[in-house]
1. Please specify each residue of the range 188-216 satisfying the condition of being assigned to a helix (DSSP H, G or I), closer than 26 Å to residue 80 by Cα and among the hydrophobic types (A, V, I, L, M, F, W, C).
2. In this structure, does residue 178 turn out to be modelled with pLDDT of 95 or more and farther than 25 Å from residue 58 by Cα?
3. Determine which member of the set 219, 233 is open to solvent by 50 Å² or more (accessible area, probe 1.4 Å), among the charged types (D, E, K, R), closer than 30 Å to residue 132 by Cα and in a helix (DSSP H, G or I).
4. With respect to the numbered conditions (1) out of contact with any Lys or Arg (no Cβ under 6 Å at 6 or more places or on another chain); (2) open to solvent by 20 Å² or more (accessible area, probe 1.4 Å), which one is the sole condition not fulfilled by residue 6?
5. Check the range 197-220 and report whether any residue there is in contact with a Pro (Cβ under 6 Å, 6 or more places away or on another chain) and closer than 22 Å to residue 171 by Cβ.
6. Taking the conditions exactly as written (at pLDDT 95 or above and either open to solvent by less than 20 Å² (accessible area, probe 1.4 Å) or in a helix (DSSP H, G or I) (or both)), does residue 273 satisfy them or not?
7. Residue by residue through the range 144-187, note down the ones that are surrounded by 12 or more Cβ atoms within 10 Å (Cβ to Cβ), without any contact (Cβ under 8 Å) to a residue 40 or more places away in the chain and assigned to a helix (DSSP H, G or I).
8. List the pairs whose first member sits in the range 88-107 and is within 14 Å of residue 136 (Cβ to Cβ), whose second member is among the small types (Gly, Ala, Ser) and in a helix (DSSP H, G or I), and whose Cβ atoms are under 7 Å apart, counting only residues at least 6 apart or on separate chains?
Amino acid sequence: MTRPAHATRGRYAPPAPRRTLEVTSADGSRLHAEVHGPQGAPAVVLAHGWTCSTAFWAPVVRELSDTHKVVLYDQRGHGRSPAVPPAGYGTRQLADDLVAVLEQALEPGERAVVGGHSMGGMTIMAAAERPELRARAAAALLCSTGCADLPAECRVFPLPTPGGRRLAHRLLLGSGAPLGPITPVARAALRYVTLGPKASAEQIEACARMVHACPSRVRARWGHVLYGLQLTRGVSRLALPTAVLAGTADRLTPFVHARRLASVLPQCAGLTALPGLGHMTPVEDPDAVAGRLRELARDHLATAPAPEEQRPTPQRQKSRNTKKEEAA
């Protein structure tokens, strides 16, 4: 029996969206997107990483959607977004897709906090110089990601030289071999590569279902993009408050990448280290990730005006001011 491509119960099961929509990117590619949470609430737009889907954000959405509007989308070829021809995979397309989601899923003039995990963070960096991002994004969160030379820093194969690591990880990233069924051996391998040593069985299963559901050709084509990634210029041009978060036991994008991002960002809003966590930080510690997104929304998104009946009249305002003076 084929397993669903995501958890079906518990904290890691995707909650039902308030609405879904089909976003059209610059080259005509279609993207599945969904909106959670109340209309008019502070907006958060989230981009998942390599081999995942909107389901990846399920526990974060559960933390945020009572008080925030949360927009998710499947990167091209992932989840419910169709695969595209080989020429349709690259950092330009990542930026095109994010811009399209911002323009088509947000209301006119609406701004959001934009968060990205792994390849989703690279998506934000790729779009750094796009005027649409500057108009729509009030702040950003780069989560468990890097901007350049990923194969040399990767520690899945902890070889002693950068050249050896580049070669070994090139084979890993570019492999189009089917992953096969989710077996105990497959779970152990996935845990080693993507999760920290204390990951729960529920977290491992949720990640395994997503990763194994990603089409092998899509995985390989995006893997080739990640191998040659060079987005340092994009990081240096990301002119908005940007927080960085990563696990200290991340093998795919080790913590050195987080430090590098924090040192290059023009408006770094802090570096958060999650001790002992691996690459899948929004799954391993959704409370920490949701907390940083909530703080960024609080600090950088203007609050909606109060309804007419709640706005203070001049007399009420005078009374409030008098009370403040008495308290002082």
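1. Within the range 188-216, 189, 190, 193, 201, 204, 206, 207, 208, 210, 211, 213 qualify.
2. So residue 178 does not fit the description; no.
3. 233
4. For residue 6, the exception is condition (1).
5. yes
6. No.
7. If the condition is that a residue be surrounded by 12 or more Cβ atoms within 10 Å (Cβ to Cβ), without any contact (Cβ under 8 Å) to a residue 40 or more places away in the chain and assigned to a helix (DSSP H, G or I), then 152, 162, 164, 165, 166, 167, 168, 171, 186, 187 are the ones that fit.
8. Matching pairs, first to second residue: 95/126.
The values are calculated or read from the model by the stated rules, or taken from the named source; none is laboratory data. These numbers come from a predicted model, not from an experiment. Don't worry about glycine lacking a Cβ; one is built from the backbone with ideal geometry, like all the others, and counts go over all protein chains shown. Quick note on the areas: whole protein, heavy atoms, side chains included, nothing else; ligands and nucleic acids left out. Shrake-Rupley method; radii C 1.70, N 1.55, O 1.52, S 1.80 Å.
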